[in-house]
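The values are calculated or read from the model by the stated rules, or taken from the named source; none is laboratory data. Because the structure is predicted, anything quoted here is derived from the model rather than measured. We work out accessible area using only protein heavy atoms, side chains counted, and drop any ligands, DNA or RNA first. Shrake-Rupley method; radii C 1.70, N 1.55, O 1.52, S 1.80 Å.
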Amino acid sequence: MNIFLSPSLLSADFTRVGEQLSLLEEAGVPYLHLDVMDGIFVPNISFGMPVIQSIRKASKMVFDVHLMITEPERYAEEFAKAGADIVNFHAEAAKDPAAVLAKIKKTGAKAGITIKPGTPVETIKPYLPDVDMVLVMTVEPGFAGQKFMPEQVEKIRRLAEWKKELGFTYDIEVDGGVTLENVRTSLDAGANIIVAGSAVLGKADIAGAAGKFLEIFKEYE
Ligand code: DX5
Ligand code: ZN
């Protein structure tokens, strides 16, 4: 199984973003996780399309956009146009998740569905045949630097089981509070895209921190 690190831009130093993304690319990190918050779906506001469009020029990484916004159907196309390769939206935020998935896919971007800690994984089962990615939140969305919620790992396990039993092809991404110390818990359960904010771009030695994650991933090759 291919395992990828997707560092969250939220923990970057925004005065040095281009430089920090180059460090990641040189360290062999293929994905960048971009957290979009609207201050309504979550109690925080981050950045939107113009910032993504600008950063797109500085990086060839796969842009894995995590929309924490209400009514994601209103903006799905614009995020794809701004440079998202993958558009993830919250199942809780969409009136008709199937329609949002279809809208994202029409743009040519990959489509992902995301669940908060309080949302049972069964809720999204009907959409699994049509998703490229499922994102399991292991903190309440809104802020970097929170503590990993180990009880959420059972959702990763269920998703991995369904994938195997029912022949689905989605990636399983884990997001929130992931560290070098706890990442194996998610990998053992079947996650293959690992988001890390504080544990990578939040560190003084970004390339070194990323490299340590990649070393652990090798154990799962
Ligand atoms: C939280 C975001 C996460 C967060 C990850 O709402 O979705 O992507 O930035 O940061 P850490 O790894 O520090 O929890
Ligand atoms: Zn995120």
Exercise. Of the beta bridges DSSP finds with both residues in the chain, what % are antiparallel, to the nearest 5?
Worked result: 5
For this session: Indicate the gyration tensor shape class of segment 112-151 (rounded, prolate or oblate), computed on the Cα atoms with a ≥ b ≥ c the square roots of the eigenvalues: a/c under 1.5 is rounded; otherwise a/b larger than b/c is prolate and the rest oblate.
Result: prolate
Exercise. Can you give the Rg to Rh ratio of segment 129-221, both from alpha-carbon atoms, with Rh computed by the Kirkwood formula?
Worked result: 0.98
Problem set entry | E26, E219, ranked by accessible area, largest first (probe 1.4 Å) | E26, E219
For this session: Return the lysines within reach of K57: Cα separation strictly under 21 angstrom, same-chain partners fewer than 8 residues apart disregarded; answer none if there are no such residues.
Result: K81, K110
For this session: Compute the distribution of all C-alpha to C-alpha distances in the chain, in bins of 5 Å from 0, and list the percent of pairs in each, rounded to whole numbers.
Result: 1, 7, 17, 21, 22, 17, 11, 4, 0, 0
For this session: Please calculate how many Å² of accessible area segment 16-78 carries per residue, with a 1.4 Å probe and no DNA, RNA or ligand atoms counted.
Result: 45
Exercise. With all protein chains present, how much of the accessible area of segment 4-218 (probe radius 1.4 Å) comes from carbon and sulfur, to the nearest whole percent?
Worked result: 53
For this session: Go through D171, D85, D205, D35 and list them by solvent-accessible area, largest first, probe radius 1.4 Å.
Result: D205, D85, D171, D35
Problem set entry | Subset of K60/K103; K147/K203; K125/K163; K125/K164 violating a 20 Å alpha-carbon distance limit | K60/K103
For this session: Quote the relative contact order of the chain in percent (integer), defining contacts as alpha-carbon pairs under 8 Å separated by 6+ residues.
Result: 22
Problem set entry | Shape box of segment 1-84 [Cα atoms, principal axes, largest first, Å] | 36, 35, 23
